[in-house]
Each structure stands twice: as C-alpha cells, then as structure tokens.
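Novice: Quick one: the structure is below, questions incoming.
All of the numbers you see were taken from the coordinates with simple rules; none came from a lab. Model, not experiment: these values are computed from the prediction. Note that we place each Cβ from the backbone using ideal geometry, even for glycine, and neighbour counts take in every protein chain shown.
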Amino acid sequence: MKTISNKPEYHYGNSNAGHHHAYLLSPLLAMLRENTIANQKLRILDLGCGNGSLSNSIAQQGYEVVGVEESESGFKFASSSFPNCHFIQSSIYNLPYQQLANAFDVVIASEVIEHLFYPSELVRAAKKCLKPNGRLILTTPYHGYLKNIVLAISGKMDKHFTTLVDGGHIKFFSVKTLSNLLEAESLSDINFQFAGRFPYLWKSMLCSSSPVSMSKNIE
C-alpha cells in the first residue's frame, strides 16, 4: 500500500457547492437511481468528498452517505455543515478499512481521480469498500481528440492544462484510457454518460462499473 501525502493540502474556504455540481448532480443522481432497489436504502461512500457539499446533496435524496476527505479544511466544513452525513478524515491511499471494508452499495469519486499520482489506487480502494455486486461511479473531466483540437485552435490549451494551480489536474482521461484503467483493475459492465457543454466538447464524463470479483484481502 502506497503512503502518499499531498502537501500543501487543497484548501476549502466554505461549504458551498462546487461549480461542477451544476452539471454533474443530475446525471449522477440518475446513475444512483439505476442502482436503487425498491425499499432498500443505498449506502454510499463518497471518496475525496471535499467540503461535503456533494455528499449532502446525495444524502438529501434519501441515501446514507459517508464521506472521506484528506484536507483538514474540507473535513472541518463538511463535518460542521452537514450533520446528515458521516465524515472521515483520511487519505484515499490509506483508508481505515476496518470501518469501510465491504460496507457500501456504491462508491463515488467525483472529480478526484484526475488529481492523483496513482489513480489505480483509487480504484483498488473503492473495490475493497464495495459490497458484492456493488458499483463504482467515477466522474472526471472529459478529454477527446475533437475537444483537444478545439482547445488548440481557440488558443486555450495553455489555460486548460495550466501548471500554476497547486493540487490541480495531473491526469487527463478519455473514454478509452479510463476504460483501460478500469479493465486493468478487473472492473466490467462499464457505462459512460456525459455532462456539460456540447457533445464531444463535454466538460465531464461519468463512468459506472462493477468489480468482476470482490477482493477479500483487506490490507
């Protein structure tokens, strides 16, 4: 298990919803409804939950939500602002599996994987936290050939891929590369939806998948 410290931490100044919630929340909730069984309250783990605003929006739909966030400021805002959720301060790379292992119907990581040096570790961590037949839902900025051509032609390539934001994006996924990552980690039934802007210039993509087999070897 890799032990990684992301310092300096990403700082949150409040508990307000992020700008991406405006276009991600509706398709995300639709994906959750697809996995809801009648008279069953889904238990959801939100990995990298930030200030807890998305966890709260999900919980307001009647789901039981546990959020995990490494940032001290994010954890404090989440814990003080959203008592309808339970929050744990922890790194995705070193989760408290004694609390989380095999305990969730759905694991969500929204706009998180693009910030990680080791994105496969997020997928492995999620698998350990899922119940049998559970689902992993990832959202991440969409990248594709047409979008990158438009960025280049419009002169916005440098702004889009800026290196000046501490804690910013360091991985850039297309449908193919995200699918390759999930398949390499033994996930299948991979389904994509897209959100924001126009077709093939989408802002983000949402990906739902399921482990082929559930690992019982919790580290």
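Novice: Hey, of [x] 55, 49, 31; [y] 49, 37, 34; [z] 45, 37, 35, which did the structure itself give for Cα extents along the principal axes in Å when calculated?
Specialist: [y]
Novice: Tell me, what ³J(HN,Hα) does each residue in the range 161-168 have, in order and in whole Hz, if you take phi through Karplus 6.51 cos²θ - 1.76 cosθ + 1.60 with θ = phi - 60° and put x for Gly and Pro?
Specialist: Each residue's phi maps through the Karplus curve to give 9, 4, 9, 8, 9, 5, x, x Hz.
Novice: Continuing with this model, one more query. Can you give the angle from 0 to 90° between the axis of helix 145-154 and the longest principal axis of the chain, with both taken from C-alpha atoms, to the nearest 10?
Specialist: With both axes taken from Cα atoms, the answer is about 50 degrees.
Novice: How far is helix 119-129 tilted off the main Cα axis of the chain, in degrees rounded to 10, range 0 to 90?
Specialist: Result, in degrees: 20.
Novice: Another question about this same structure. Under a Cβ-Cβ cut-off of 15 Å, what is the net charge of the residues other than SER53 that fall near it, where Lys and Arg count +1 and Asp and Glu count -1?
Specialist: Net local charge, SER53 excluded: -2.
Novice: Quick one: check the C-alpha center-to-center distance for the range 127-147 versus the range 42-79, whole angstrom.
Specialist: That distance is 17 Å.
Novice: GLN40 to GLN89: extension gain in nm, 0.36 nm per residue of separation minus the Cα-Cα distance?
Specialist: Between GLN40 and GLN89, full extension yields an extra 14.9 nm.
Novice: Taking the simple approach of a point 7 Å from Cα along Cα-to-Cβ for both TYR118 and PHE192, what is their distance in nm?
Specialist: That separation, rounded to one decimal, is 2.7 nm.
Novice: Then there's this: Net charge around VAL65, counting only other residues with Cβ within less than 14 Å of its Cβ (Lys, Arg = +1; Asp, Glu = -1)?
Specialist: Cβ neighbours under 14 Å give a net charge of -2.
Novice: Ordered by residue, what ³J(HN,Hα) values in Hz, to whole numbers, does the range 25-34 give under the Karplus form 6.51 cos²θ - 1.76 cosθ + 1.60, where θ = phi - 60° and Gly and Pro are x?
Specialist: Ordered by residue, 3J(HN,Hα) equals 5, 4, x, 5, 5, 5, 4, 5, 5, 5 Hz.
Novice: Could you rank the peptides 44-50, 174-180 by their average count of other C-beta atoms within 10 Å per residue, with the highest value first? Don't skip to the end; give the middle numbers.
Specialist: Numbers: 44-50: 26.3, 174-180: 14.6.
Put in order of decreasing packing, that is 44-50, 174-180.
Novice: To the nearest 10 degrees, how steeply does helix 175-184 sit against the main Cα axis of the chain, on a 0 to 90 scale?
Specialist: That works out to roughly 40 degrees.
Novice: Right, next: If packing is taken as the mean number of other Cβ atoms within 10 Å per residue, what is the order of 164-171, 27-34, highest first?
Specialist: Going by the mean number of other Cβ atoms within 10 Å, highest first, we get 27-34, 164-171.
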